[in-house]
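Some notes on the structure that comes next.
The values are calculated or read from the model by the stated rules, or taken from the named source; none is laboratory data. Because the structure is predicted, anything quoted here is derived from the model rather than measured. All Cβ positions, even for glycine, are placed from backbone atoms using ideal geometry, and neighbour counts span all protein chains on display.
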Amino acid sequence: MQNMKTDELALDFLRVAEAAAIESARTMGQGDRKHSDHVAVEAMREVMDTVPMRGRIVIGEGERDEAPMLYIGEEIGGKEYSDEVRESFPEIDIAVDPLEGTNLCALGANNAIAVLAAAERGGLLNAPDIYMDKIVVGPSCKGSVDIEAPVEENLKAIAKSLSRDVDDLTVIVLDRPRHKKLVDEVRGAGARIRLIGDGDLSAGISAAVAGTNIHALMGIGGAPEGVLTAAAMKCLNGEIQARLIYDPERLSVDASKVPPMEEVMERLKSMGIDDPDKVYNTNDLAPGRRIIFAATGVTDGSLLKGVRFFGEGKRTNSVVMTTDTRNIRFVDTVHVEGGPDAVIRF
Ligand code: VTB
């Protein structure tokens, strides 16, 4: 861990996120979400293998038998080096979402991103791939919300922390039948809502950055995305509170569409989760002291622009953040492909 050079690795992970974003952005609007995801995974894996580290995937594309690449437990990185040299590389845990918002990319809709987070061993919770109820707020509201409190109370607390009224707030919620009650409650309290088709991770990040006009994310999305959100919150000084959702009734879907509750409970137990109702805070989800988070826009979004292609290259827009060196870098990269006469625009 001593030899984990966070700033240098951050730039390596920037290249990884950029590569995944570029490849998936090429497929934008083609209506094939699986293909978009596949090219992002391939590109991410290829570049990640060049990073000088002894990496291990803790959140990825699934279990080994269902995902050929970036599966949970896969050893990654340092492939170009001899075993002897590799031994000197830092041991790192990695959470990836090569294309967060596969549907968004397939449709050419806003806010698809390529994302990864890394930390020293044990620094990111090995969360089960099930649903998770979340509330995410920015630095000014840290400590003022409680996922177990009524929605209206949380909205009042957020408004107070931001010195405004509840009806000045914008809350992001995934547009799903399971959120009918939540949406009614937010509307009842008078706040504005932005219902999104997908992508509660990029929504959570936006909630933690002032000036995006998004003040909170609420509702049920994926648990893996929750861990990645927590990694971003550690860097941005924001807060996430979350609870695993294992009861199909909370999901408003036909019980046959989700694994039976007993099966899920068994899985949680086997992963060492004894209390399935535990409220997780930012540190529980991302306990690492040296966290690196990198995201690149695939399609245009509230925080990041999508990939732009032009004759002589392409341009990407990313955010790369670290906790220990406390840098938030917004990076605008021109990937030059043209010859020596290529024109670079400001
Ligand atoms: C969630 C959310 C993600 O997919 O995992 C969602 O966290 C899946 O929810 O950001 P449904 O099963 O209800 O579609 C995303 O929106 C995109 O990966």
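If I filter region 80-95 for residues that are within 16 Å of the ligand (Cβ to nearest atom), touching a residue at least 40 places away in the same chain (Cβ under 8 Å), out of contact with any His (no Cβ under 9 Å at 6 or more places or on another chain) and under 26 Å from Ser252 (Cβ atoms), do I get at least one hit?
no
Select the strands (runs of 3 or more DSSP E) contained entirely in region 96-196, then report the ones holding at least 2 residues which are surrounded by fewer than 19 Cβ atoms within 10 Å (Cβ to Cβ).
192-196
Of these, Ala10, Ala20, Ala40, Ala95, which one is farther than 27 Å from Ala109 by Cα and under 17 Å from the mean Cα position of the chain (by Cα)?
It is Ala10.
How about region 206-309: which strands (runs of 3 or more DSSP E) wholly inside it have at least 3 residues that are in the same structural domain as Ile158 (by TED's automatic domain parsing) and small (Gly, Ala, Ser)?
216-222
Which of the following residues is modelled with pLDDT of 95 or more and over 25 Å from Gly123 (Cα atoms): Asp12, Asp32?
Every option except Asp32 fails the conditions.
Just to be sure, is Pro224 in contact (Cβ under 8 Å) with a residue 12 or more places away in the chain, within 15 Å of the ligand (Cβ to nearest atom) and closer than 17 Å to Leu124 by Cα?
Yes, satisfied.
Of everything in region 202-214, what is within 16 Å of Asp300 (Cβ to Cβ) and either within 12 Å of the ligand (Cβ to nearest atom) or more than 15 Å from the chain's Cα centre (by Cα) (or both)? Give them in sequence order.
Ser202, Ala203, Ile205, Thr212, Asn213, Ile214 - these are the residues of region 202-214 that are within 16 Å of Asp300 (Cβ to Cβ) and either within 12 Å of the ligand (Cβ to nearest atom) or more than 15 Å from the chain's Cα centre (by Cα) (or both).
Please find, among Asn126, Asn103, Asn154, the residue that is more than 16 Å from the ligand (Cβ to nearest atom), touching a residue at least 12 places away in the same chain (Cβ under 8 Å) and not assigned by TED's automatic domain parsing to the domain that holds Ser252.
Checking each option against the conditions leaves just Asn126.
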